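Heads up, the thing below is written out as structure tokens.
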Amino acid sequence: QVQLVETGGGLVQAGDSLRLSCAASGRTFSNHAMGWFRQAPGKERTFVAHISASGGSTYYADSVKGRFTIPRDNDKNTVYLQMNSQKTEDTAIYYCVATRTVYSYQPSGYDYWGQGTQVNVSS
């Protein structure tokens, strides 16, 4: 079992930056691809970003390309979501996810989920 704990959420103004962190338990963090999803009020949970186990490959949703990055530090068992130039549309609960086998960027493609952290972007 892999436990994921997100931190760093909060209230920011449009245009500001915020960095979310996801700390993973276990000794096999480096064997897992990681990602982020988000869910706005009344909407479906949607994909945000993905990074391969090695960190050599990333993929982003169109809505965040050029603004968000998903670095990871395997020595710290931590993946991040760097959110720059934030928009009000980024307001959502953000979930950290992990999987050993990558086959989909849909929610069903990830085996482990954090509890989520709230991000509110005001205008």
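Scanning segment 8-39 for residues that are surrounded by fewer than 14 Cβ atoms within 10 Å (Cβ to Cβ) and within 15 Å of the chain's Cα centre (by Cα) turns up 10, 17, 19.
Among the residues that make up segment 100-112, is at least one of them among the hydroxyl-bearing types (Ser, Thr, Tyr) and in contact with a Leu (Cβ under 7 Å, 6 or more places away or on another chain)? Show your work before the answer.
Just the residues of segment 100-112 that are among the hydroxyl-bearing types (Ser, Thr, Tyr), to begin with: 101, 103-105, 108, 110, 112.
Narrowing the set further to residues that are in contact with a Leu (Cβ under 7 Å, 6 or more places away or on another chain) leaves 112.
Scanning segment 100-112 turns up at least one residue that is among the hydroxyl-bearing types (Ser, Thr, Tyr) and in contact with a Leu (Cβ under 7 Å, 6 or more places away or on another chain).
Quick one: what pairs do we get from segment 105-116, first residue farther than 14 Å from residue 46 by Cβ, second part of a loop (DSSP other than H, G, I, E, B), C-beta under 7 Å, 6+ apart or different chains? Short answer, once both residue conditions are applied: 111/100; 112/2.
Of everything in segment 70-97 that's among the acidic types (Asp, Glu) and under 11 Å from residue 121 (Cα atoms), which residue is farthest from the chain's Cα centre (by Cα)? Result: 89.
Scanning segment 59-77 for residues that are open to solvent by 60 Å² or more (accessible area, probe 1.4 Å) and in a loop (DSSP other than H, G, I, E, B) returns 62, 63, 65, 66.
The values are calculated or read from the model by the stated rules, or taken from the named source; none is laboratory data. Keep in mind it's a predicted model, so treat the numbers as computed, not measured. Cβ sites come from the backbone with ideal geometry, for glycine too, and all protein chains shown count toward neighbours. Ligands, DNA and RNA are stripped out before the accessible areas are found, and what is left, the full protein with its side chains, is counted by its heavy atoms. Shrake-Rupley method; radii C 1.70, N 1.55, O 1.52, S 1.80 Å.
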